[in-house]
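The values are calculated or read from the model by the stated rules, or taken from the named source; none is laboratory data. Note that this is a predicted model, so its numbers are computed, not measured. Because the Cβ atoms are built from the backbone with ideal geometry, glycine has one as well, and the counts that use them run over all protein chains shown. Protein only, heavy atoms only, side chains kept; ligands, DNA and RNA dropped before computing areas. Shrake-Rupley method; radii C 1.70, N 1.55, O 1.52, S 1.80 Å.
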Amino acid sequence: MEFNFTTFALEIANFLILIWILQRLFYKPVLAVIARRKQHIDQTLADAQKLRQEAEDLRQHYENRQNEWEKEKQAAFGVLRREIEAERKTQMDQLQADLEQERQKAKVILSRQQHDIQRQAEEKALQNGARFASLVLRQSAGPELEARLCAMLLEHFNELPEECKRCLKMLDAEKSVSILITSAYPLPDELRQKLEQKLGALIDRPDVFHYAQDAELIAGLRIDIGAWVLHANLQHELAGFAEIDHGSD
Amino acid sequence: MESEFVFELGPLAVSLSILTTWGIMLSAAVLSWLATRHLDMMPGPLQTVVEGVVSALEEAISAVEPVYGRQIMPFIATLWLFLIVANLLSLIPGLHSPTRDLSVTSALAVLVFFSVHWFGIKIQGLKKYLHHYLAPSPILLPFHIISELTRTLALAIRLFGNMMSLEMAAMLILLVAGFLAPVPILMLHIIEALVQAYIFGMLALIYLAGAIQSQQFNRQEQL
């Protein structure tokens, strides 16, 4: 065991140089790259944390927006539901009104149809009655009935309204009036004279009487005075009987 | 064991231990350059190993001295790396461990001795550093001084004695028992080399941390 000062001194120098070499070539570069990596990792972590925070903020933001949307949706649903309810009520009311209107219309139509049916039945009945009466009267009518009808006509001339009398007088005064008297049976002369006398008094003008015979009248007369036609026969009366209902309508 | 001088460089006689140390230094420089010339953010296998070694050294130092660990790291880490390599060097036939030389271990122990004071004074200042020798009582000053000297001496002698005895034991067994007989002793040599390197470096670290932390303790007391 020998101590050598030269070795001692050189070893101190060598070790110090070795520290410098390792510090320069080994520790410093390696620690630097570790520090860079750590900084990079820290930066990455910070970025990730920042991104995470941003994502969290965005998530919170979108959750808030989603909640707001949900509230808006609920409110819109409420409004829509109320509008639908109001519209439904309006439509229902409209429908009820339409239905009521249709019901009334159908009721009116039905009533009219019933009335028409009834009227047709009445008309039919009247026509049948008139036809039956016509058949009966055709078989039972005769000159006596016609004479009786003529007597009724002559009495009726006395009871004519003043307006009718004025109309007969207002016929063309310059010309002579042609009067056609149609009967179901041949008129006796006495009855012809009464008729001409009565009509001449009503018209008060020169006139020409013509006579004709028509079995369709059944019994009675038809007097044509220009545009005027006076009926006093059963045919006209039966036709009037059949049209009573029309007249009442 | 006498120093084996290889050649003389002027007035300086270069011993085998110095020559071996130079070889270690050259190897360390070359290997460091090769290992760190292409450092990348995405490490390969070699860079992973290198970073693992440096990180392990830094963490071991920071565990003892967390505040000023980075400042004392080059000294302590170099001690560990140099002693591991130097202690294991004798396993290679034809080479001898420089740490079997008392001059080498003394030089390392003296470096530890001075580095303790250097870092203590650098961090706290001369006056305040020297003040801790008087704490807790000036009566303990002689004991502090004796402690400083004896622990430095113990560092040098412990490493030198262990490494020299290991080599000598392996040599004696080889002479007496023949080829392959000292293999178990050589395996023990590996463990002992690592343990001695660890002990020397850890004691140096503790001495340094003690000096630094004593200043921190004084500062906290003043506050």
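Summary table below
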item: Where residue A:27 falls short, out of the listed (1) facing chain B (nearest Cβ under 9 Å); (2) open to solvent by 60 Å² or more (accessible area, probe 1.4 Å); result: (2)
item: Selection within region B:110-167 - in contact (Cβ under 8 Å) with a residue 24 or more places away in the chain and over 18 Å from residue B:211 (Cβ atoms); result: B:156, B:157, B:158, B:159, B:160, B:162, B:163, B:164, B:166, B:167
item: Filter pass, residue B:69 being more than 7 Å from chain A (Cβ to nearest Cβ) and open to solvent by 40 Å² or more (accessible area, probe 1.4 Å); result: no
item: Lone unmet requirement of (1) over 19 Å from residue A:22 (Cα atoms); (2) out of contact with any Pro (no Cβ under 8 Å at 6 or more places or on another chain) for residue B:17; result: (2)
item: Scan of region B:23-55 for residues that are outside any loop (DSSP other than H, G, I, E, B), within 7 Å of another protein chain (Cβ to nearest Cβ) and open to solvent by less than 80 Å² (accessible area, probe 1.4 Å), ordered by number; result: B:25, B:28, B:29, B:32, B:36, B:50, B:51, B:54, B:55
item: Single residue of B:88, B:81, B:95, B:102 found to be under 15 Å from the mean Cα position of the chain (by Cα) and away from chain A (no Cβ under 14 Å); result: B:88
item: Residues of region A:126-170 that turn out to be open to solvent by 60 Å² or more (accessible area, probe 1.4 Å) and without any contact (Cβ under 8 Å) to a residue 12 or more places away in the chain, as a count; result: 17
